[in-house]
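**Student:** This is the structure I have questions about; it appears just below.
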Amino acid sequence: MRPLLIILGNLFILSNFYFSSARKEIVTLSFTPKSTLIIKGKSNVHEFACDYNTYELSDSLKVNFKKHDNMIVFENTQLLLEKTEFDCGGRGINKDFHKLLQTKDFPHIKMNLKKVALSGKNTVNAELSFTICEITKNYTVPISILNQHNKMIFKGSIALSLQDFNLTTPKKLMGLIKVKDTIVVDINLESIVNKKTP
């Protein structure tokens, strides 16, 4: 299984949202090097950003889905993010990041896209779950879609509470520097449709 082949990349299907039928659809996607996924956080003294290595986003991905009324339901969309593929920009902060996420014991972040529903002309609400350190939480996330020639661009932000996953925020300098509980996952995915099979 590819490490990002991104849960929200699946949202390309939205280009078919207005006219797809109830039968099963298959879309083959590829992702351009412009795609990014970044985890952002703050302490009481500075901010940090950890970029995911999106090198493999150019690989093809088959997506299976069905439309039910105003909703698209996905099949088998549990994907893995390798925690070691995040780079926070320095050796020390990388070490802290992986200590926080317990990378040694739990090397993956699991994402499961369940369904999406139209909420506006260029916006959908995506229902998905995150599993971090074997704890699963569900979210509803608004995603915007831009159509540029033969490319679809998906943008969204997901705020996660570290406490929800029983993660203890690190402290430095005898507790004077503290990481805040909320982290934000920023997604900016650029995809190209390669093939559609009815």
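The values are calculated or read from the model by the stated rules, or taken from the named source; none is laboratory data. Predicted, not measured: the structure shown is a model, and the values here were computed from it. Neighbour counts are summed over all protein chains in view; Cβ atoms, including those assigned to glycine, are modelled from backbone coordinates with ideal geometry. Remember, those area values only see protein heavy atoms, side chains included, never the ligands or the DNA or RNA. Shrake-Rupley method; radii C 1.70, N 1.55, O 1.52, S 1.80 Å.
**Student:** Could you list, ordered by first residue, the pairs with Cβ atoms under 9 Å in which the first is in the stretch 179-192 and more than 18 Å from MET152 (Cβ to Cβ) and the second is in a loop (DSSP other than H, G, I, E, B) and open to solvent by 50 Å² or more (accessible area, probe 1.4 Å), at least 6 apart or interchain?
**Tutor:** Close Cβ pairs satisfying both conditions: VAL179/ASN44; LYS180/ASN44.
**Student:** Also, quick follow-up: Farther than 15 Å from ILE72 by Cβ, out of contact with any His (no Cβ under 7 Å at 6 or more places or on another chain), of a type in the set (Ser, Thr, Tyr) and open to solvent by less than 60 Å² (accessible area, probe 1.4 Å) - does that describe any residue in the stretch 136-154?
**Tutor:** yes
**Student:** I need a count of the residues in the stretch 65-100 that are of a type in the set (Ser, Thr, Tyr) and open to solvent by less than 60 Å² (accessible area, probe 1.4 Å).
**Tutor:** Residues flagged as of a type in the set (Ser, Thr, Tyr) and open to solvent by less than 60 Å² (accessible area, probe 1.4 Å) within the stretch 65-100 amount to 1.
**Student:** Now, a different point. In the stretch 119-134, is there at least one residue being open to solvent by 40 Å² or more (accessible area, probe 1.4 Å), in contact (Cβ under 8 Å) with a residue 24 or more places away in the chain and outside any loop (DSSP other than H, G, I, E, B)?
**Tutor:** No: zero hits.
**Student:** Let me ask you something else. Going residue by residue through the stretch 84-97, is there one that turns out to be modelled with pLDDT under 80 and under 19 Å from the mean Cα position of the chain (by Cα)?
**Tutor:** Scanning the stretch 84-97 turns up no residue that is modelled with pLDDT under 80 and under 19 Å from the mean Cα position of the chain (by Cα).
**Student:** Would you pick out the residues in the stretch 101-118 that are open to solvent by less than 20 Å² (accessible area, probe 1.4 Å) and under 30 Å from VAL45 (Cβ atoms)?
**Tutor:** LEU101, THR103, ILE109
**Student:** Sticking with this structure for a sec: Which one is farthest from ILE93 (Cα to Cα), of the residues in the stretch 19-42 that are at pLDDT 80 or above, open to solvent by less than 20 Å² (accessible area, probe 1.4 Å) and in a strand (DSSP E or B)?
**Tutor:** Once the filter is applied, the top-ranked residue is LEU37.
**Student:** Got at least one residue in the stretch 147-154 being among the polar types (S, T, N, Q) and in contact (Cβ under 8 Å) with a residue 40 or more places away in the chain?
**Tutor:** Scanning the stretch 147-154 turns up at least one residue that is among the polar types (S, T, N, Q) and in contact (Cβ under 8 Å) with a residue 40 or more places away in the chain.
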